Each structure stands twice: as structure tokens, then as C-alpha cells.
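Taking it in order: structure first as C-alpha cells, then the write-up.
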Amino acid sequence: MTAPVPVQFVGAGPGAADLLTLRAARLLAEADLVLYPGTYLDPDVLAHCGPAARLVDTQDLDLDAITAHLVASARAGERVVRLTSGDPSLYSALHEQTRRLDAAAVAWAVTPGVPAYAAATALVGHELTVPHVAQSVVLTRTRARSTPMGEGESLTDFAATGATLVLHLAVTRTRELMAELAPVLGADCPVVVVHRASQPEELVLRGTVGSIADRVEEAGLRQAAVILVGRALSASRDGGESFLYSAERERRR
């Protein structure tokens, strides 16, 4: 039998305890140590942990302190789960943490989770790709007190493609960002802001590029929100139909 990988990075999903994968729930139940992001996680998710598991909230820890926990427990022969909010492929610091684990010769693996933008989109009942409206999605963030954006990754350049925009870690700059987008998308372009999708405090704010900042400021949102921007979010549900399901499409038998 293959030995278990000592450190598992596990997507905790958008927050709801029942939106974890079956694998994630199993790994949590088997873990000796669970590190979790307390800022973004619904505490009910931790109910999947075994009664003897040690729980460490990482919201006040830097990467070196987090890695020290992972390495020490792995070397002690324990099973460790590092929970990330949403899916580990987006803004989870997976790259930095696994680079440190590689240097320490500690094996690791990744279990995907439901990303926050998917939960937000499901909550509002929209598809981000609508025929003849938008066929691409840009997942991005903005720079404030954070890592610089790469060259060529400006928000206005992304908007000019016509893709649906999904903005993470950006809700505190909503007014500034909408001012950037207005000349490209128009003040009437639909916007939906979803705060803590799938959690008890979930909140949906609907508006446009020209109006959404007022709603965000009135609600006092400061974190844990996803901003969706694009014509695919139109309440009129304009757009064509997919050729894939067209009656006119020839199908092989």
C-alpha cells in the first residue's frame, strides 16, 4: 500500500460545511493537525475534523510560521491538512508554501475545492459565459497593499476583451475600480457583488458599474467578497444559444 502523503493542501470551498468534496471531508477526518484560514472559513467546516485533531488558525501567522507547523508535524509522522479558502489554485499561497516544503524534503499533495466565484455565480443563478455575449472569464485581483500585478495585466486591458471579469480581494476599492472600468464597459454594465457566498452571512448586491460602489459602501463590505462584472450578468438574459445543443447541429451516431 502506498504511504499517505504527509501534507495535504485542501480546498475548503466557499465556506459552507457541505460544499467540501468527499475527499476533503475524509482527509479532515483523518488529520492529526489542521491549519485553517479563520478569516474566511465558516467554523462549521471544522466539524469534519476528528475529535483529537489539533486546530491552528493561520490568520495571524506568516508563511514561515505556517511552514514550521507543516514541516514539524510531517517529520513527526503526523497527517497534516492545510485548508485554503475556495480552491488552492487561486490566491492560496500554494506556490510559496510548497516551495518551502520541497526545500525541506516534505511530500505534499493538493485536493481541489469549490472556488468562491463558482459559489457566488451559483447563488445569483447566472452563467459567466453566454453565447454571443461573453465566452471568456478573467479571474483577477487588483493591487492595493499586495503583490504588484504583472506587466500587461491591467484591469482595463482585460475589460476591453469583453470577457466576464471576476475580481477577488478587491471590494475595498470598488469605487476606484468602477471608475477605471466605466470608460471601457459603460456605466450601465451589470455588476454583482457577493459577500461570503454559501455562509450564513451571505449577501448579494446587484447594480451596475455606475451604481455598485454606493451599495458596497452602504453595506460596509471590507473583505470576503467577489465582484462579478460583465454583460453576461444582465437581468434580461440577452444572448444567443449554444451551437453544441442546437437542433441544427449534425450529431454522430
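Within region 216-229, the residues that satisfy the criterion of being more than 17 Å from T142 (Cα to Cα) and either crowded, with 19+ Cβ neighbours inside 10 Å or out of contact with any Lys or Arg (no Cβ under 8 Å at 6 or more places or on another chain) (or both) are E218, A219, G220.
For E151, the criteria (1) over 27 Å from V194 (Cα atoms); (2) surrounded by fewer than 16 Cβ atoms within 10 Å (Cβ to Cβ); (3) at pLDDT 95 or above hold in every case but one, which is (3).
Just one of the numbered conditions (1) within 30 Å of H195 (Cα to Cα); (2) out of contact with any helix residue (DSSP H, G or I) (no Cβ under 6 Å at 6 or more places or on another chain); (3) touching a residue at least 40 places away in the same chain (Cβ under 8 Å); (4) crowded, with 21+ Cβ neighbours inside 10 Å is not true of L28: (2). Figure legend. Inter-residue proximity from region 203-219: first residues in a strand (DSSP E or B), second residues among the small types (G, A, S), beta-carbon distance below 7 Å, spacing 6+ or different chains. Indicated pairs: L203/A219; L205/A219; T208/A187. The condition (being touching a His at 6+ places or on another chain (Cβ under 6 Å) and in a helix (DSSP H, G or I)) is satisfied by just one residue among A25, A68: A25. Here the condition is being surrounded by fewer than 16 Cβ atoms within 10 Å (Cβ to Cβ) and not in a helix (DSSP H, G or I); of L90, L83, L61, it holds for L61 alone.
Select from region 62-85 the residues that are of a type in the set (A, V, I, L, M, F, W, C) and without any contact (Cβ under 8 Å) to a residue 24 or more places away in the chain and write down the one among them that is farthest from V10 (Cα to Cα). Looking at the filtered set, the residue picked out is A76.
Among the residues of region 1-22, those that are at pLDDT 90 or above and part of a loop (DSSP other than H, G, I, E, B) comprise P6, A12, P14, A16, A17, D18, L19, L20, T21.
Applying the criterion of being among the small types (G, A, S) and in a loop (DSSP other than H, G, I, E, B) to the residues of region 28-41, the residue that is nearest to the chain's Cα centre (by Cα) is G38. Looking only at region 121-143, count how many residues are touching a residue at least 40 places away in the same chain (Cβ under 8 Å) and β-branched (V, I, T). The number of residues fulfilling the criteria is 5.
Looking only at residues of region 42-58 that are aliphatic (A, V, I, L, M) and not in a strand (DSSP E or B), we find that the one that is farthest from P112 (Cα to Cα) is A52.
The values are calculated or read from the model by the stated rules, or taken from the named source; none is laboratory data. Remember, predicted model here, so these are calculated numbers, not experimental data. Cβ atoms come from the backbone with ideal geometry, glycine included; neighbour counts cover every protein chain shown.
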